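Everything on this sheet refers to the single structure shown next.
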Amino acid sequence: MSPVKDDARYSFLLQGKEYSLTFQEAFSYGHTLMAGGHFETAATIFTRLAKVPRRGPRAKVMLSACAAGLDKYSVCQEILKIAFDGEDHAVIELLQAAFVYHKLGMQSDAIREMTKVVQQFENVPSACLLLGDMFAEQGAGKKAAYCWKMAIKRDRKGGAVGLTAHKQLESMQKARPSRRRGRA
């Protein structure tokens with residue numbers, strides 16, 4: 001995919017504080033909020049980003065995940081229908097199932113469904129990002145890293161999903177205890 005040249009900044013009023021962020025920064029921040037369980041605040045960000053033209057379904061997929069995180073399962077499905085208008089409905093069903101299973105704590109089912117999305121729909125790099133997150137939650141660092149690298153590869157150059165996946169990889173590497181060589 002070709003890079004989208006966009007130096008625009010987007011303003012957000014979140015919890016009484018104003019933020020001015022690029023699309024990529026806002027996407028990454030929204031992802032961080034989701035990881036922390038702050039779905040409502042993340043949804044505010046992704047709602048705004050979902051309206052930006054020429055950005056594909058990335059922000060809408062994340063907004064849909066936020067809706068599931070807020071127990072709004074029909075809203076989750078409606079957002080996915082908008083995101084993938086006119087496309088194969090299997091991606092909608094698989095993503096919604098993954099989001100609902102994840103919210104309900106059925107992690108192996110969520111991973112199974114998200115894996116199907118990753119395998120069948122290469123044009124959905126956000127699925128790779130989210131699958132990596134699911135593996136990281138399970139302590140499967142190698143699988144998480146593999147998925148995040150795939151997200152970077154599948155996203156457009158300089159894209160928000162790739163940037164976010166790169167940050168996930170960096171965070172995982174920083175969290176990994178360093179191994180010392182030498183004799184004890």
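Overall, the anisotropy analysis places the range 101-172 in the oblate class: the square-rooted eigenvalues a ≥ b ≥ c of its C-alpha gyration tensor yield a/c not less than 1.5, with a/b not exceeding b/c. Stretching the chain fully between residue 13 and residue 157 yields a gain of 49.0 nm (0.36 nm per residue, less the alpha carbon separation). Put simply, the amide H of residue 50, placed in the peptide plane, has no neighbours under 5 Å, leaving out anything fewer than 5 places away on its chain.
Put +1 on the Cβ of every Lys and Arg and -1 on every Asp and Glu Cβ in the chain; which of 166, 32, 114 then has its Cα farthest towards the positive end of the dipole? Farthest towards the positive pole: 166.
Summing Lys and Arg as +1 and Asp and Glu as -1 over all other residues whose Cβ lies under 13 Å from the Cβ of residue 170 gives a net charge of +4. What the phi angles of the range 70-80 give under the Karplus curve with 6.51, -1.76 and 1.60, with θ = phi - 60°, is a coupling list of 9, 6, 9, 5, 5, 5, 3, 5, 5, 5, 5 Hz, glycine and proline written as x. Per-residue 3J(HN,Hα) values for the range 51-66, derived from phi via the Karplus relation 6.51 cos²θ - 1.76 cosθ + 1.60 with θ = phi - 60°, read 8, 6, x, 6, 10, x, x, 3, 5, 5, 4, 5, 4, 4, 4, 5 Hz in sequence order (x marks Gly and Pro). In this rough spin-label picture, where each label sits 7 Å from Cα along the Cβ direction, the residue 52-residue 75 distance is 2.2 nm.
Taking amide H atoms as placed 1.01 Å from N in the peptide plane, the amide H of residue 14 lies under 5 Å from those of 19, each 5 or more residues away in sequence or on another chain. For the cross-link pairs 103/167; 103/142; 103/143; 103/174; 116/167; 51/81, the ones whose C-alpha atoms lie over 19 Å apart are 103/167; 103/142; 103/143; 103/174; 116/167. Whole-Hz Karplus values for the range 114-122 come out as 5, 4, 4, 4, 4, 6, 9, 10, 5 Hz, taken residue by residue from phi with 6.51 cos²θ - 1.76 cosθ + 1.60 and θ = phi - 60°; glycine and proline positions read x. Compute the Cα gyration tensor for the range 1-152, then decide on rounded, prolate or oblate, letting a ≥ b ≥ c be the square roots of its eigenvalues: rounded whenever a/c is under 1.5, prolate when a/b is larger than b/c in the other cases, and oblate in all that remain. Rounded.
Based solely on its DSSP helices, what 222 nm [θ] is calculated for the chain when runs of n ≥ 4 H residues each add -39,500 (n - 2.57) and the sum is averaged over all residues, nearest 500 deg cm²/dmol? It lands at -20500 deg cm²/dmol.
Read-outs: derived from the displayed coordinates by stated rules, not from any lab. Keep in mind it's a predicted model, so treat the numbers as computed, not measured. A quick note on method: Cβ atoms are made from the backbone with ideal geometry, for glycine too, and the neighbour counts reach across all protein chains shown.
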